[in-house]
Structure formats: structure tokens, C-alpha cells
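A short worksheet on the structure shown next.
The values are calculated or read from the model by the stated rules, or taken from the named source; none is laboratory data. In this text the structure is predicted, and so the values were computed from the model without any measurement. No Cβ is skipped: glycine too gets one built from the backbone with ideal geometry, and neighbour counts run over all protein chains shown.
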Amino acid sequence: MNTQNSQPLLELRDVSKTFKLPSGDVRALAHVSLGIRRGDLVALVGPSGSGKTTLLNVIGSLDRPSQGEVLLEGIRIDTLSEEKLVLFRREKFSFIFQDAKPLRMLNVLENTLLPFNFFKPKNSNGNLKDAAIEIITSLGLGHRIYHMPNQLSGGEIQRVAIARALITRPAVILADEPTANLDRTNRLFVIETFKRLTRETGITIVFSTHDLEIANISDRIVQMKDGTVLDEEPSPCPPCPA
Ligand SMILES: Nc1ncnc2c1ncn2[C@@H]1O[C@H](COP(=O)(O)OP(=O)(O)OP(=O)(O)O)[C@@H](O)[C@H]1O
Ligand SMILES: [Mg+2]
């Protein structure tokens, strides 16, 4: 784990986001300033419409802020050209969505390797198939490697989404309500897995949730309301050296 925490991995400086609609402007984020450290597991909580999804999209450069700065590893990403952003996003971010659906005609292994249908891996020396099997097995799906999605439970499908997010070895995973459709056992499994991954790999995970039990397992809870962040305090301790 990287313990050089003097500078946040992710930083938002006075970020606002306004959607312009024919019916009028909708301000989804208002003056959000936030620093997130490497290896942290951060939960975004807040009422529906408070800006959680918008914030995840702005952090992950899927959406540009209307105002303010977004930095990853000290580099401003809100001003990168679309061309550079595509490459940057691929290398640094993975996304997990609430309704993440594996492709029906691909098995678990093939779904995990799917990102590499679109771009080359960072380090092509290793055997990608072995790496995928290792990730799938670490998520408790070792007995499902060649199963098709219609042979999987909802919890298992969400683990495939996690495997796919991990295979590209991103710096940051952004997950929008990743546990919303799961029962409690699977919700806890997903969040405990997130926590283990942050500890073992130094990956940073930011996820949104309406479930306070799940949020409380994270290192830090960022509370949102009406597009603002109520809590801007850094998490008290982690990541601490073992
Ligand atoms: N593409 C868009 N165009 C216009 N308004 C939008 C758009 N996306 C979000 N909004 C508005 O921005 C505000 C924040 O929405 P957002 O989806 O970020 O909330 P949320 O906290 O994720 O809510 P939920 O918990 O329901 O997922 C809402 O008022 C929403 O209507
Ligand atoms: Mg949302």
C-alpha cells in the first residue's frame, strides 16, 4: 500500500455542476471541495437527488464540471481534451453500476476480460487469463468461471462486475449504488470485498449508497445534501501501515 498520503489522490476544488434544461437550470453540485486519499474506501450518502451520481461522474471524468477543478494524482483532468481523457479514464478508473449486467453470451471469465476487447492491457507480459481467474477466485467465484450469466445469482453477477473493474488494475473504482439490488449477505460481501481490496492493493474506492449499515463499514462517509458536501473531513486513520 502506498503510504505517501501528503497529497490526496483525488481532489475536487470548488466544483459545481449545472445542467441546462429548457425548463431551467438544475444545479446538481454546488461548491464541492473534497480530497480523497489513496487506499481509502469512501461512501457517498445523502437523499435522492443530492448529487451522488453526479459527483461520481464528475470524479470519473464522465462529466465535466461547470466550474471548479478536478485533480487525479495532482493532474487536472477537467481540462484534458476528450482524446486524452479517454485514455486517462481507461487507465485510471473503473466503474461499477447498480444495474451492471454481464454480456449474456459470454461466460464469467470472458466477461471479466471484456475491457481488453476495447483496449490493450497496461502490462501485456502477464497471462491475462490467469490474472482473471485469480481475481474471479478471490471473489469466491472459482467454481463459476465458465458459467454463463443466466446461471448466476444477483450477488454473483455483481461480483463479476467487480472482477471486470479490477482486471484493468485502475487507481480508482467508482461504484454507483453497487449493492442496491442485493440481499444483506451479498451487500456485506461486496463492501467487505471493497475494504479488503483497498487494504491489499491500495486501490481507492468511492461508492454511493442509501444503506447506512454498508456506509458505516467504509473508512469515511461523505454526506451530501442539495449538491453540497456536508462532511469534508478526512477519514481519521486508514490507510494505516499494517
Ligand atoms: N443529466 C441530467 N440533466 C438534468 N438534471 C440532472 C441530470 N443528472 C442529474 N440531474 C439532477 O441533478 C440532481 C442530482 O442528481 P443525482 O442523480 O446526482 O442525485 P443522486 O444523489 O445520485 O440521487 P439518487 O439517490 O436518486 O440516485 C437531481 O436534481 C437531478 O434531477
Ligand atoms: Mg444516483
Filter segment 221-239 down to residues that are at pLDDT below 95 and of a type in the set (D, E, K, R), then give me how many there are.
-> 3
Residue selected from segment 73-125 under the condition at pLDDT 90 or above and among the hydroxyl-bearing types (Ser, Thr, Tyr), by the criterion nearest to His143 (Cα to Cα) = Thr112
Might you let me know whether segment 187-208 holds any residue that is closer than 19 Å to Ala100 by Cβ, free of Cβ contacts under 8 Å to residues at least 40 places away in the same chain and within 16 Å of ligand 2 (Cβ to nearest atom)?
-> no
Failed item, numbered, when Arg89 is tested on (1) touching a strand residue (DSSP E or B) at 6+ places or on another chain (Cβ under 8 Å); (2) assigned to a helix (DSSP H, G or I) = (1)
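Which residues, taken from segment 40-64, are away from ligand 2 (no atom under 16 Å from the Cβ) and buried (at least 23 other Cβ atoms within 10 Å of the Cβ)?
Scanning segment 40-64 gives Asp40, Leu41.
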Taking segment 169-191 and the residues there that are polar (S, T, N, Q) and surrounded by fewer than 19 Cβ atoms within 10 Å (Cβ to Cβ), the one that is nearest to Gly49 (Cα to Cα) would be Asn181
Surrounded by 12 or more Cβ atoms within 10 Å (Cβ to Cβ) and among the acidic types (Asp, Glu) - does that describe any residue in segment 98-106?
-> no
